[in-house]
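Undergrad: Can you keep this structure in mind? I'll have questions shortly.
The values are calculated or read from the model by the stated rules, or taken from the named source; none is laboratory data. These numbers come from a predicted model, not from an experiment. Cβ placement follows ideal geometry from the backbone for every residue including glycine, while neighbour counts extend to all protein chains displayed. Surface accessibility is based on the protein's heavy atoms, side chains included, excluding ligands, DNA and RNA. Shrake-Rupley method; radii C 1.70, N 1.55, O 1.52, S 1.80 Å.
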Amino acid sequence: MNDKQLVALQAAKYVKNDMVVGLGTGSTANYFIDELARLSREDGLKVTTVASSTISAQRAQSLNLPIVALEHIRQIDLYVDGADEITPDKTLLKGRGSDLVKEKLLAKAATEFIAVADSSKLVSYIGQNFVIPIEVIPFAWQLARKNLEDIGAQGDLRPNAAKDGFWITSHGSYVLDMKFDRSLDAATLNTLINNTPGVVEHGIFYKLADTVLIADNGIVSEYQATEH
Ligand code: 5RP
C-alpha cells in the first residue's frame, strides 16, 4: 500500500454513521472515496456525500455512494481532501486542477476538515514548489493580473492542455498561475488576493484545515502545527 492510500484509509476512520461527508479531488482523495465505498458495502456504514468536482462525483456515483448536490447543503460534518503544499502552520496550497472553488466551500462548510497527504507535500512556505492558482472572471484577467503584479507577483494565464487556448475551470473561469515574493506570508497573501477585484477564488487555504494527516514511509501521523 502506498502512502497516499495509507493516509486516506486513516482519514476514513473519522467517518461515523449518518455523517454528511465532503469528497475532495485528486489521487489521495480518490483512495478516500474508494474506502468510504468499501466501508458502506462491507460494514454497512451509512453516509451521504457531497463532491468537490465532477470527477469525484462520478467516482462516488459509480461506487454507489449516496450523493447530494452542493447547492442542497448548508453545512457538512467532515471534509477530506489532499493538498499540493502544506506549511508548518497548516496552511494548504490546493487547486492544481480546476475545482478549488468547490473545494474551499466544502473546507469552510465542514465541522472538521482533514487534509491528507504524503510527506512530499510538506514545505516551509506557500509557493515553494508550485505557483499559486488564482481563478479569475475571464473578462477581468488582465486587470486582476495587473493588480497582482502591483503587489510583486509574476505569472500568466494557464494554457489549456493542447496549448492552443486557455484553461477553463469547471465554473467557466480562467486561471492565473502566479508566483509571489517569498517575503509575503500566507496570511498576507490570502488577504491581498482576496482583495483583488475579479478574483473568484484562489488556492491558498489559510486556517481552514483542522487536522492534517501525513503518511511518511508507511507511518501516518497527525501533523503538529507550529504557529509563526
Ligand atoms: C486538487 C487538489 C488536490 O487535492 C491536490 O492537487 C493533491 O492531489 P494528489 O492527492 O493527487 O496529490 O487540490 O484541486
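Undergrad: Mind listing whichever residues of region 160-215 are part of a loop (DSSP other than H, G, I, E, B), closer than 18 Å to Asp99 by Cβ and touching an Asp or Glu at 6+ places or on another chain (Cβ under 7 Å)?
TA: Thr169, Ser170, Ser173
Undergrad: In addition: Filter region 59-101 down to residues that are within 15 Å of the ligand (Cβ to nearest atom) and polar (S, T, N, Q) and give me whichever is surrounded by the most Cβ atoms within 10 Å (Cβ to Cβ).
TA: Among those that are within 15 Å of the ligand (Cβ to nearest atom) and polar (S, T, N, Q), it is Thr91.
Undergrad: What is the one condition in (1) hydrophobic (A, V, I, L, M, F, W, C); (2) away from the ligand (no atom under 16 Å from the Cβ); (3) over 15 Å from Leu213 (Cβ atoms) that Leu36 does not satisfy?
TA: (2)
Undergrad: A follow-up question, please. Taking the condition out of contact with any Gly (no Cβ under 9 Å at 6 or more places or on another chain), surrounded by fewer than 24 Cβ atoms within 10 Å (Cβ to Cβ) and part of a loop (DSSP other than H, G, I, E, B), does Asp34 pass?
TA: no
Undergrad: What are the pairs, 6+ residues apart or on separate chains, where a residue within region 85-101 that is over 13 Å from Ile132 (Cβ atoms) has its Cβ under 7 Å from a residue that is open to solvent by 20 Å² or more (accessible area, probe 1.4 Å) and within 10 Å of the ligand (Cβ to nearest atom)?
TA: Hits for this filter: Ile86/Lys121; Gly97/Thr25; Asp99/Thr25.
Undergrad: Step by step: first the residues of region 1-31, then only those that are under 19 Å from Glu85 (Cβ atoms) and over 14 Å from the mean Cα position of the chain (by Cα), then the one that is surrounded by the fewest Cβ atoms within 10 Å (Cβ to Cβ). Which residue is that?
TA: Asp3
Undergrad: If we scan region 77-96, do we find a residue that is at pLDDT 95 or above and more than 25 Å from Thr226 (Cα to Cα)?
TA: yes
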